[in-house]
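The values are calculated or read from the model by the stated rules, or taken from the named source; none is laboratory data. Being a predicted model, the structure only gives us computed values, none of them experimental. Here the Cβ positions follow ideal geometry from the backbone for every residue, glycine too, while neighbour counts run over all protein chains shown.
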């Protein structure tokens, strides 16, 4: 991979830092009146999702990371691996480990398209769509006529996620949920 | 991008910019300071290891030559002083390679002025007066802060005497990088940029004085009366965490100037940087005699940025470099 110097650091650029692939989020140039210039850089570690704030001497460079983000459809799991398939018509399948799947495990639904991050051709992260529609598999019975009042209860969804829903929701209903906050949005 | 032919500043901002620059000219006219224009291309460049000069090849009456885009109009203006110009100011286009950010653009406008016979305190007062004239609301009182006291107050260390190892450790920790081989001044620069600068000039105008001698650039050095430590007769002006200006009690000794050019180029070689042609005519002018006095360079785009409340310096420039 090519090396990138601090003045080429742009949001979205993928670089290697401390052995992990990272995405640049922000890059600012700081310089005292007369003296060494630095770049203040925010990066997201793509392995852990953590945001790092690092300083570099201007002109320093980092190795680029061979990272690709691809759309893939979730197929199935055999209990050990989760299988995703490219949506580009190639039908190419990628196995994903539990570690790379992380929290996304509770938002899995067959035929839904996820953003899959590959590093050196291995899956390191799977991001669900911002909104997903899932069926309620378990919740306390709905309260008739209680559509206006506040109050909520837990509901288990078909993917395994548990979200707070209004009291009027029943088992078997399909809900729209925000996967970023884990919050109920509406009936689908 | 389909519409990147458009200016990076709004037209209304450019009107405001023109009005503020007219204020600057009026300020100096009232004070009897002469406006001058000096070349953007010169035979000498800045040797400062922390400034990257751009150069170009040109055909001149002397043939094919290398000319340097000026990083500040300093050398030419000093030659005018040596020739007896008296007080002068310039609104000059300057170039510094690689400087791009929310407060930097590769090509920018410097307001630089020189006051023969005026001491550093007098020039600090005048710089603050100019800033007050341009800002829409009075920024509040002027406060002088000694470099050393700032470090003591913010970081609990003496920048001149803290052991280098401890300084490297702290700078590395604050910046999240390895400073294991860094020289003292680089550690201090990092701590200044990250830990001290952002808090300066939050209430009023803050002026930092008595810099370490190693950061003198083209300022005189003198012994601090407090403890005999060598310090640079230099100041920097801050408002809302933004460094606006850099002033010197100007070095007028040709030999000392020659030595600093040589030191800079030696440091450049050691760092693997290209050497810069020394301005021999500046040295000749200093030999002929430049009047004692002080001078200051103020980032005019930044001051306008501050006056108009813009987050990015590109917003006060017709076309910042990416759209140039």
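For region B:193-208: of the residues being more than 12 Å from chain A (Cβ to nearest Cβ) and not in a loop (DSSP other than H, G, I, E, B), which is surrounded by the most Cβ atoms within 10 Å (Cβ to Cβ)?
Just the residues of region B:193-208 that are more than 12 Å from chain A (Cβ to nearest Cβ), to begin with: B:199, B:201-206.
Retained after the next criterion (residues that are not in a loop (DSSP other than H, G, I, E, B)): B:199, B:205-206.
Details: B:199: 13, B:205: 25, B:206: 23.
Filtering region B:193-208 for residues that are more than 12 Å from chain A (Cβ to nearest Cβ) and not in a loop (DSSP other than H, G, I, E, B), the one surrounded by the most Cβ atoms within 10 Å (Cβ to Cβ) comes out as B:205.
Return a yes/no flag: does region B:146-158 have any residue that is more than 14 Å from chain A (Cβ to nearest Cβ) and under 22 Å from residue B:125 (Cβ atoms).
Yes, some residue in region B:146-158 is more than 14 Å from chain A (Cβ to nearest Cβ) and under 22 Å from residue B:125 (Cβ atoms).
Give me a count of the residues in region A:28-52 that are within 13 Å of chain B (Cβ to nearest Cβ), under 22 Å from the mean Cα position of the chain (by Cα) and buried (at least 19 other Cβ atoms within 10 Å of the Cβ). Spell out the reasoning first.
From region A:28-52, those within 13 Å of chain B (Cβ to nearest Cβ) are A:28-43, A:45, A:50-52; that's our starting set.
Still in the running and under 22 Å from the mean Cα position of the chain (by Cα): A:41-43, A:45, A:50-52.
Next, from what is left, pick out any that are buried (at least 19 other Cβ atoms within 10 Å of the Cβ): A:41, A:43.
Counting residues in region A:28-52 that are within 13 Å of chain B (Cβ to nearest Cβ), under 22 Å from the mean Cα position of the chain (by Cα) and buried (at least 19 other Cβ atoms within 10 Å of the Cβ) gives 2.
What's the number of the condition residue A:7 fails, among (1) within 11 Å of chain B (Cβ to nearest Cβ); (2) farther than 30 Å from residue B:72 by Cβ; (3) not in a strand (DSSP E or B)?
Of the numbered conditions (1) within 11 Å of chain B (Cβ to nearest Cβ); (2) farther than 30 Å from residue B:72 by Cβ; (3) not in a strand (DSSP E or B), the odd one out for residue A:7 is (2).
Residue B:249 - would you say it is surrounded by 15 or more Cβ atoms within 10 Å (Cβ to Cβ), under 30 Å from residue B:137 (Cα atoms) and in contact with a helix residue (DSSP H, G or I) (Cβ under 6 Å, 6 or more places away or on another chain)?
Values: surrounded by 15 or more Cβ atoms within 10 Å (Cβ to Cβ): yes; under 30 Å from residue B:137 (Cα atoms): yes; in contact with a helix residue (DSSP H, G or I) (Cβ under 6 Å, 6 or more places away or on another chain): yes.
Taking the combined requirement at face value, the residue satisfies it.
Go through A:50, A:40 for me and flag whichever is in contact (Cβ under 8 Å) with a residue 12 or more places away in the chain and not assigned by TED's automatic domain parsing to the domain that holds residue A:117.
Details: A:50 fails: in contact (Cβ under 8 Å) with a residue 12 or more places away in the chain.
Checking each option against the conditions leaves just A:40.
Out of all the residues in region B:253-272, which are crowded, with 19+ Cβ neighbours inside 10 Å and either farther than 18 Å from residue B:45 by Cα or within 15 Å of the chain's Cα centre (by Cα) (or both)? Show your work before the answer.
Initially, region B:253-272 is screened for residues crowded, with 19+ Cβ neighbours inside 10 Å, giving B:257, B:261, B:264.
If the condition is that a residue be crowded, with 19+ Cβ neighbours inside 10 Å and either farther than 18 Å from residue B:45 by Cα or within 15 Å of the chain's Cα centre (by Cα) (or both), then no residue fits.
Need pairs with beta-carbon distance below 7 Å; first residue more than 9 Å from every other protein chain (Cβ to nearest Cβ) and buried (at least 21 other Cβ atoms within 10 Å of the Cβ) and within region B:77-106, second at pLDDT below 95 and not in a loop (DSSP other than H, G, I, E, B); sequence gap 6+ or separate chains.
B:105/B:321
Scan region B:176-192 for residues that are surrounded by fewer than 23 Cβ atoms within 10 Å (Cβ to Cβ) and either outside any helix (DSSP H, G or I) or at the interface with chain A (Cβ under 8 Å from one of its Cβ atoms) (or both) and report the count.
Restricting attention to region B:176-192, the residues satisfying the condition of being surrounded by fewer than 23 Cβ atoms within 10 Å (Cβ to Cβ) are B:176-186.
Filter once more, keeping what is either outside any helix (DSSP H, G or I) or at the interface with chain A (Cβ under 8 Å from one of its Cβ atoms) (or both): B:176-183, B:185-186.
Residues that pass the stated criteria total 10.
Which of the following residues is more than 14 Å from chain B (Cβ to nearest Cβ), more than 17 Å from the chain's Cα centre (by Cα) and within 30 Å of residue B:98 (Cβ to Cβ): A:64, A:89? Before you say what the answer is, go through the steps one by one.
Values: A:89 fails: within 30 Å of residue B:98 (Cβ to Cβ).
From the options A:64, A:89, the qualifying one is A:64.
Looking at (1) within 14 Å of chain B (Cβ to nearest Cβ); (2) over 20 Å from residue B:193 (Cα atoms); (3) in contact with a strand residue (DSSP E or B) (Cβ under 6 Å, 6 or more places away or on another chain), which is the one condition that is false for residue A:55?
Every condition holds for residue A:55 apart from (2).
May I ask you to list the residues in region B:241-274 that are touching a strand residue (DSSP E or B) at 6+ places or on another chain (Cβ under 6 Å) and on the phi > 0 side of the Ramachandran plot?
none
Considering (1) touching a residue at least 40 places away in the same chain (Cβ under 8 Å); (2) closer than 18 Å to residue A:76 by Cα, say which one residue A:120 fails and leave the rest.
Every listed condition holds for residue A:120 apart from (2).
If only one of B:144, B:148 is in contact (Cβ under 8 Å) with a residue 24 or more places away in the chain, under 30 Å from residue B:32 (Cβ atoms) and more than 16 Å from the chain's Cα centre (by Cα), which one is it?
Numbers: B:148 fails: under 30 Å from residue B:32 (Cβ atoms).
Checking each option against the conditions leaves just B:144.
Let me spell it out: the conditions are (1) assigned to a helix (DSSP H, G or I); (2) more than 13 Å from chain A (Cβ to nearest Cβ); (3) farther than 30 Å from residue B:280 by Cβ, and residue B:173 meets all of them except one. Which number is the exception?
Result: residue B:173 passes all but (2).
Would you mind stating whether residue A:17 is out of contact with any helix residue (DSSP H, G or I) (no Cβ under 9 Å at 6 or more places or on another chain), modelled with pLDDT of 90 or more and either buried (at least 20 other Cβ atoms within 10 Å of the Cβ) or within 14 Å of another protein chain (Cβ to nearest Cβ) (or both)? Explain how you work it out, then say what you get.
Details: out of contact with any helix residue (DSSP H, G or I) (no Cβ under 9 Å at 6 or more places or on another chain): yes; modelled with pLDDT of 90 or more: yes; either buried (at least 20 other Cβ atoms within 10 Å of the Cβ) or within 14 Å of another protein chain (Cβ to nearest Cβ) (or both): yes.
Yes; evaluated as a whole, the condition is true for this residue.
Regarding residue B:227, is this residue in contact with a helix residue (DSSP H, G or I) (Cβ under 9 Å, 6 or more places away or on another chain) and not in a helix (DSSP H, G or I)? Steps first, answer last, please.
Numbers: in contact with a helix residue (DSSP H, G or I) (Cβ under 9 Å, 6 or more places away or on another chain): no; not in a helix (DSSP H, G or I): yes.
So residue B:227 fails the test.
Given the condition touching a helix residue (DSSP H, G or I) at 6+ places or on another chain (Cβ under 9 Å), without any contact (Cβ under 8 Å) to a residue 40 or more places away in the chain and more than 28 Å from residue B:90 (Cβ to Cβ), answer yes or no: does some residue in region B:200-222 qualify?
yes
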